[in-house]
1. With both partners inside the chain, how many of the DSSP beta bridges are antiparallel, as a percent to the nearest 5?
2. Output the peptides 523-529, 60-66 sorted from most to least packed, where packing is the average of other Cβ atoms within 10 Å over each peptide's residues.
3. Going by how many other Cβ atoms sit within 10 Å of their own, how do 516, 134, 452 line up, fewest first?
4. Determine by what factor the alpha-carbon radius of gyration of the range 399-556 differs from 2.2 N^0.38 Å, reporting the quotient.
5. Quick one: divide the alpha-carbon radius of gyration of the range 99-226 by 2.2 N^0.38 Å and tell me what you get.
6. Once R0 is set to 30 Å, what does the formula 1/(1 + (r/R0)^6) return for the Cβ-Cβ distance between residue 71 and residue 1, expressed as a FRET efficiency to the nearest 0.05?
7. Could you work out how far helix 375-390 tilts from the main Cα principal axis of the chain, as a 0 to 90 degree angle to the nearest 10?
8. Which order do 294, 233, 500 fall in if you start with the one that has the fewest other Cβ atoms within 10 Å?
Ligand code: ARG
């Protein structure tokens with residue numbers, strides 16, 4: 001319910017709607033909500049006090065406003081809190097109360113994660129993956145149909161190098177045994193040896209050409225290593241709780257390059273510069289976009305042009321969102337401009353959601369997989385930490401290994417979503433496992449408190465006395481009441497951190513309530529009212545946790 005709207009509806013003054021002027025009162029002696037009358041006083045050349053008085057006299061008879069008082073230039077409203085509490089708690093007694101259908105029949109494509117399969121996932125991939133996934137869930141919450149696109153980097157000479165390395169020093173058997181670690185080792189060694197032996201460069205290029213031409217000896221090898229690399233990344237996505245609908249990547253869309261080049265030619269968008277085909281974007285203050293190199297091979301942007309045209313045909317999206325590092329801003333500006341110049345109206349529906357840098361404190365995690373810690377290293381470290389943290393706990397409902405997994409992914413995912421999207425952040429991983437402070441385990445633990453209260457609750461009747469709910473409880477009720485607005489804002493700003501802040505606030509407020517109130521004590525009618533709040537809050541948190549990619553636990 002919209003409390004401000006309800007107050008406004010009961011004021012009958014010059015046909016004015018005060019909804020947007022009403023504010024929450026700063027302290028309880030000034031009521032629950034207030035209407036400042038200063039601006040109106042200026043307009044009407046009357047004193048604010050007089051206006052407040054006149055508005056006060058216009059209040060209609062209703063269930064919600066108990067009393068109104070003029071103080072200074074304000075009209076302060078004292079509301080019937082038990083009545084409001086009851087109305088709100090009933091409104092949000094189901095998880096579905098947090099769902100809307102504004103996005104019905106609209107398709108949102110989100111391109112996120114999209115790692116280069118020739119390399120290990122690095123910790124930056126955590127950010128694209130979790131921001132993308134959280135946005136996907138937010139859109140679904142509002143009724144949109146979401147397509148999760150993992151546009152994998154499976155094209156280019158790096159794959160020639162990996163296959164070259166495999167043929168020179170490795171074997172299929174080795175890859176079958178050691179998986180992606182073997183492939184990465186070939187790649188690193190190939191790069192090293194290439195420095196002394198320039199022939200290797202041409203060798204890798206030749207192999208890559210054979211991949212492009214679907215050479216009967218090389219192409220099956222390529223498919224084999226892609227399968228291994230993909231499976232490796234999929235393990236990580238499973239841990240994080242992310243599942244894609246579409247894995248078509250650069251190699252797939254590259255097959256559309258000739259037809260896209262033809263089209264660009266027909267639209268007179270291509271010019272030649274030093275043998276390369278480019279689109280001149282200087283009228284738009286952008287550097288030229290290279291479409292084909294002088295040797296005829298395509299570039300990153302070229303393949304993105306193909307991909308978006310094909311995706312429009314395939315999904316008929318209403319929005320196409322790309323979640324990547326802020327460093328790719330120029331790429332996407334060029335891409336969107338070229339799509340516009342081609343005359344495709346859907347350029348307006350393309351959007352780049354960029355994010356700031358993400359790093360670990362220096363030297364924090366050592367890597368056995370290369371110079372810098374990879375995402376797998378980070379996840380292993382986090383899993384061990386999670387194991388330590390729950391080592392002394394006993395479980396009767398949850399399976400300890402599930403708890404480890406859920407705590408690990410919650411810590412990793414929250415490390416991304418606690419910070420504003422565009423801000424740079426450093427992941428203080430050791431602190432992130434504490435049960436106090438602003439951490440994911442703190443949130444999960446709070447939820448288990450709610451679950452445990454409900455397990456102990458054994459009153460048989462259902463009559464509620466909502467006056468048993470105190471000010472802290474009403475604070476929670478107000479947060480539940482405006483939760484859908486919070487998710488609206490987060491979605492509009494494409495920033496899930498807005499949701500995670502709200503959830504953290506709710507957890508803190510609930511713990512304050514829990515420490516000051518004996519929820520299961522008192523008269524049955526009082527307990528029932530408190531339990532009704534606990535249930536509504538648990539629904540809200542369950543929905544909210546899911547939106548920020550944190551799994552709930554029944555105990556921990
Ligand atoms: N593979 C790229 C990278 O790792 C990201 C791809 C983003 N998506 C796209 N359609 N360009 O940086």
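Just so you know, all these numbers are worked out from the coordinates, no wet-lab data involved. No experiment lies behind these values; they were computed from the predicted model shown. Ideal geometry is used to build each Cβ from the backbone, glycine not excepted, and the neighbour counts take in all protein chains shown.
1. Looking only at bridges with both residues in the chain, the antiparallel portion is about 50 percent.
2. 523-529, 60-66
3. In order of increasing Cβ crowding within 10 Å: 516, 452, 134.
4. 1.08
5. 1.38
6. Taking R0 as 30 Å, the efficiency between residue 71 and residue 1 is 0.70.
7. It works out to around 40 degrees.
8. 294, 233, 500
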